[in-house]
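One structure is given here, and the rest of the page talks about it.
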Amino acid sequence: MKSYDYGECEICDTPMQERLIKQDFWIQGQLVIVSQIPAGVCPQCGEKIVRAEIGRKISDLLSDKERIIRAPQISVPELQLDLDEMTA
Ligand SMILES: [Zn+2]
């Protein structure tokens, strides 16, 4: 796949670098992670941009319920924020 010129970071003007990233999405109350997403990542501040074409592919993928059902499942830690501890 040929690399794409993401230009400079909108926040700090550093040239963006192409990386494969993971992103999480909530789809109907379910956490879904998409990996291997080509994105421009700012090495300075961490800002990420995904081009429109890739964004469309991601939304196609996320609308494919069969694929979500067949995908490998991972478990994630769920923490409860305990506000009582703050006053203790
Ligand atoms: Zn930046």
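Read-outs: derived from the displayed coordinates by stated rules, not from any lab. Everything quoted here is computed from the prediction, not taken from an experiment. No Cβ is skipped: glycine too gets one built from the backbone with ideal geometry, and neighbour counts run over all protein chains shown.
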So, in nm, how far is label residue 31 from label residue 53 when the simple model puts each one 7 Å beyond its Cα toward the Cβ?
3.2
So what's the back-of-envelope 222 nm ellipticity for the chain, counting only DSSP H runs of four-plus at -39500 (n - 2.57) apiece and dividing by all residues, rounded to 500?
-6000 deg cm²/dmol
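Grab the chain and count how many Lys pairs have their alpha-carbon atoms under 19 Å apart, sequence gap of 8 or more, or different chains. Write out the running numbers ahead of the final one.
Details: 2/48; 2/57; 22/48; 22/57; 48/57; 57/65.
Qualifying lysine pairs in the chain: 6.
Just rank 49, 11, fewest to most, by other beta-carbon atoms within 10 angstrom. Let's see the in-between values first.
Values: 49 15, 11 11.
Sorted ascending by nearby Cβ count, the order is 11, 49.
As an exercise, use a Förster radius of 30 Å and the Cβ-Cβ distance of residue 12 and residue 64 to find the FRET efficiency, rounded to the nearest 0.05. Working shown, then result.
Details: r = 36 Å, r/R0 = 1.20.
That gives a FRET efficiency of 0.25.
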Would you work out if the chain is rounded, prolate or oblate? Take a ≥ b ≥ c from the square roots of the eigenvalues of the alpha-carbon gyration tensor; rounded if a/c is under 1.5, else prolate when a/b is larger than b/c, oblate otherwise.
oblate
Fewest Cβ neighbours within 10 Å first, please rank 57, 22 accordingly.
22, 57
